[in-house]
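Novice: Let me begin by handing over the structure; questions about it come next.
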Amino acid sequence: MKIMKTDSLFLEGKHVRLDPLELSHTQGLAAAAAADPSLYQWSPVPQGETEARKYVETALTWRDAGTAIPFAIVRVDDDIVVGSTRFWNLERWSWPPSHASHGRSVPDVCEIGYTWLTRSAVRTGANTEAKLLMLTHAFEVWHVLRVCFHTDARNTRSRAALERSGGQFEGILRAHRMAADYIARDSVRYSVIAAEWPPVKQRLVDLMDRE
């Protein structure tokens, strides 16, 4: 099987650019998170440069293991880091040798998560465009079958954003993951499958035009 490179993927839009996350982004991430820590009640967002460096190091460990592709979200106009996101839970299925998908070097399904933005980027086109860039790559370059999202069941803002973007509610996973406040959180699961991608893409494009 061919090995997929996970350290050189750049995705650029009109408003934001997704740069491969590196240690050089540590200071920018710390500054972005410090603008309004109250935004991150339900999200594991680093506070201060020490936490930001550990956050990046952990993301890079996952990248090097081939399980995640982390990004810094950078505003195109001024090259300021405004947040972070990543592809992760990259699954490659064991297709039989006779199957057309046998030997694929790219994921068959994946998750988008660890997404957060600084205060000034909230309620702008940054989140919508980041999702559009990542979903376009997942469905049109990797040709994945499904992209899923999970969020803390208490995070009403994130749930509303995912529903607005066209994610389909699948259910609630009880005691699914450790929450930002160190309890066993219930996670709400949303997904987009390949057949749904064309209308979801148009929905995101329409949202971008209004933001």
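Novice: May I ask you to say which residue of E51, E91 is in contact with a strand residue (DSSP E or B) (Cβ under 9 Å, 6 or more places away or on another chain) and without any contact (Cβ under 8 Å) to a residue 40 or more places away in the chain?
Specialist: Details: E51 fails: in contact with a strand residue (DSSP E or B) (Cβ under 9 Å, 6 or more places away or on another chain).
Selected residue: E91, the only one of E51, E91 that is in contact with a strand residue (DSSP E or B) (Cβ under 9 Å, 6 or more places away or on another chain) and without any contact (Cβ under 8 Å) to a residue 40 or more places away in the chain.
Novice: For residues that are at pLDDT 95 or above and of a type outside the set (S, T, N, Q), scanning just the range 146-158, find the one that is surrounded by the most Cβ atoms within 10 Å (Cβ to Cβ).
Specialist: V147
Novice: Which pairs do you get when a residue that is farther than 21 Å from T136 by Cα, found in the range 163-176, comes within reach of a residue that is part of a strand (DSSP E or B) and aromatic (F, W, Y), reach meaning Cβ atoms under 7 angstrom, with the pair 6+ apart or on two chains?
Specialist: E170/Y190
Novice: So which residues in the range 23-42 are surrounded by fewer than 18 Cβ atoms within 10 Å (Cβ to Cβ) and within 16 Å of the chain's Cα centre (by Cα)?
Specialist: Here is the first cut: in the range 23-42, the residues surrounded by fewer than 18 Cβ atoms within 10 Å (Cβ to Cβ) are 23-24, 27, 31, 34-41.
Result: Y40, single match.
Novice: Considering the range 77-107 alone, what residues qualify as being β-branched (V, I, T) and farther than 18 Å from T26 by Cα? Give the derivation first.
Specialist: The first filter runs over the range 77-107 and keeps only residues β-branched (V, I, T), leaving 80-82, 85, 106.
Once the filter is applied, which keeps residues that are β-branched (V, I, T) and farther than 18 Å from T26 by Cα, the range 77-107 yields only V106.
Novice: Which ones in the range 180-194 are within 19 Å of the chain's Cα centre (by Cα) and modelled with pLDDT under 95?
Specialist: A180 - this is the single residue of the range 180-194 that is within 19 Å of the chain's Cα centre (by Cα) and modelled with pLDDT under 95.
Novice: Where the second residue is part of a loop (DSSP other than H, G, I, E, B) and not small (G, A, S) and the first is in contact (Cβ under 8 Å) with a residue 12 or more places away in the chain and surrounded by fewer than 17 Cβ atoms within 10 Å (Cβ to Cβ) and lies in the range 103-130, which pairs have Cβ atoms under 6 Å and are six or more apart or on separate chains?
Specialist: Short answer, once both residue conditions are applied: G103/M1; S105/K2; S105/M4; V106/M4; V106/W142; R119/D36.
Novice: If I filter the range 2-22 for residues that are of a type in the set (G, A, S), in contact (Cβ under 8 Å) with a residue 40 or more places away in the chain and within 18 Å of N127 (Cβ to Cβ), do I get at least one hit?
Specialist: Filtering the range 2-22 for residues of a type in the set (G, A, S) gives 8, 13.
Among the residues that remain, those that are also in contact (Cβ under 8 Å) with a residue 40 or more places away in the chain are: 13.
Then drop every residue that is not within 18 Å of N127 (Cβ to Cβ), which leaves 13.
Within the range 2-22, one or more residues are of a type in the set (G, A, S), in contact (Cβ under 8 Å) with a residue 40 or more places away in the chain and within 18 Å of N127 (Cβ to Cβ).
Novice: Taking only the range 55-69 into account, find how many residues are in contact (Cβ under 8 Å) with a residue 12 or more places away in the chain and β-branched (V, I, T).
Specialist: 3
Novice: I'm trying to understand the selection: among the residues of the range 37-52, which are of a type in the set (F, W, Y) and part of a loop (DSSP other than H, G, I, E, B)? It would help to see each step written out before you state the result.
Specialist: Going residue by residue through the range 37-52, those that are of a type in the set (F, W, Y) are 40, 42.
Once the filter is applied, which keeps residues that are of a type in the set (F, W, Y) and part of a loop (DSSP other than H, G, I, E, B), the range 37-52 yields only W42.
Novice: To continue, here is another question. Looking only at residues that are under 12 Å from R86 (Cα atoms) and modelled with pLDDT of 95 or more in the range 64-75, which one is surrounded by the most Cβ atoms within 10 Å (Cβ to Cβ)?
Specialist: Within the range 64-75, the subset under 12 Å from R86 (Cα atoms) is 67-73.
Going one step further and asking which of them are modelled with pLDDT of 95 or more, we end up with 68-73.
Values: A68: 23, I69: 27, P70: 25, F71: 26, A72: 24, I73: 31.
Among them, the one singled out is I73.
Novice: Which is over 24 Å from V16 (Cα atoms) and in contact with a strand residue (DSSP E or B) (Cβ under 9 Å, 6 or more places away or on another chain), of A126, A138, A153?
Specialist: Working: A126 fails: over 24 Å from V16 (Cα atoms); A138 fails: over 24 Å from V16 (Cα atoms).
After ruling out the rest, the residue left standing is A153.
The values are calculated or read from the model by the stated rules, or taken from the named source; none is laboratory data. Keep in mind the model is a prediction, meaning the values are calculated, not measured. Heads up, the Cβs are rebuilt from the backbone with ideal geometry, glycines too, and the neighbour counts pull from every protein chain shown.
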